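Have a look at the structure below before the remarks.
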Amino acid sequence: MTDIPACQLYLISPPSIDTGFVDKLRDAFDGGPVAAFQLRLKGLSEHEIADLAAPLQALCAERDVAFIINDSIALAKRLGADGVHLGQGDGDPAEARRVLGPQAQIGVTCHASRHLAMEAGEAGADYVAFGAFFPTKTKQVEHHAEPDILRWWSSLFELPCVAIGGITAENAAPLVEAGADFLAVSGAVWSPPGGPGAGVAAFAPALATPRAE
């Protein structure tokens, strides 16, 4: 019997942030282990995002957390980010690999599609993301995924999978059990009255859920 690595947290920034957000991110990291942080800001220029990114990227490096840029291969290259997360209209994983190099972490949104996930894997993605599993206020949900897709993927492929969409400490355990390697969370960490650290800490029991073999 092989040991299955524990599921880990993958934080996604709120839709908008200010220069004080670095303190919230530090608080989140203090709450428990975090594998990655994705900067996802819509409606801003790359220059504006780069300005906001600098202290966040430095904190991620200090805490050994992967710093991922959403959507833009060019911005990920400009910042020397650890990787990029691509939606279906944001570019090709093979192109991202060519631009960002062999060490970059490249993720692809695959919604609820087994076909898209297999295509992403064949194109050289480092992880695939499925969702949304639950209603979310972070973005408009056009695709709904069921835990069975995580179970199917993890039983056939070694490439890590990320579960995303409305995930909270209360509803996360079935996704972990089904085989999610990472839980992508946003509102559940940034919104709790106890602060981001409490939001991260609340996921500990769900992350400890035994995973499907």
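Tabulated values for the structure
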| read-out | value |
| --- | --- |
| Only listed residue being closer than 21 Å to residue 161 by Cβ and more than 17 Å from the chain's Cα centre (by Cα), chosen from 80, 89, 20 | 89 |
| Subset tally (residues that are buried (at least 19 other Cβ atoms within 10 Å of the Cβ) and of a type in the set (Gly, Ala, Ser)) for segment 167-213 | 11 |
| Scan of segment 164-211 for residues that are without any contact (Cβ under 8 Å) to a residue 40 or more places away in the chain and among the charged types (D, E, K, R), ordered by number | 170, 177 |
| Test: residue in segment 39-47 that is touching a Ser or Thr at 6+ places or on another chain (Cβ under 7 Å), under 16 Å from residue 22 (Cβ atoms) and among the hydrophobic types (A, V, I, L, M, F, W, C) | yes |
| Failed item in (1) out of contact with any His (no Cβ under 8 Å at 6 or more places or on another chain); (2) part of a loop (DSSP other than H, G, I, E, B), with residue 145 passing the rest | (1) |
| Residues (assigned to a helix (DSSP H, G or I) and acidic (Asp, Glu)) located in segment 156-208 | 177 |
| Some residue of segment 127-137 being outside any strand (DSSP E or B), over 16 Å from the mean Cα position of the chain (by Cα) and of a type in the set (A, V, I, L, M, F, W, C) | no |
| Tally, over segment 143-196, of residues that are in contact with an Asp or Glu (Cβ under 6 Å, 6 or more places away or on another chain) and over 14 Å from residue 117 (Cα atoms) | 2 |
| Residue check for residue 63: surrounded by fewer than 21 Cβ atoms within 10 Å (Cβ to Cβ), among the basic types (Lys, Arg) and either more than 16 Å from residue 190 (Cβ to Cβ) or touching a Gly at 6+ places or on another chain (Cβ under 8 Å) (or both) | yes |
| Condition broken by residue 56, with the remaining ones in (1) under 16 Å from the mean Cα position of the chain (by Cα); (2) over 19 Å from residue 126 (Cβ atoms); (3) at pLDDT below 95 satisfied | (3) |
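The values are calculated or read from the model by the stated rules, or taken from the named source; none is laboratory data. The model shown is predicted, which means the values in this text are computed figures rather than measured ones. Please note: Cβ atoms are built from the backbone with ideal geometry, for glycine as well, and neighbour counts cover all protein chains shown.
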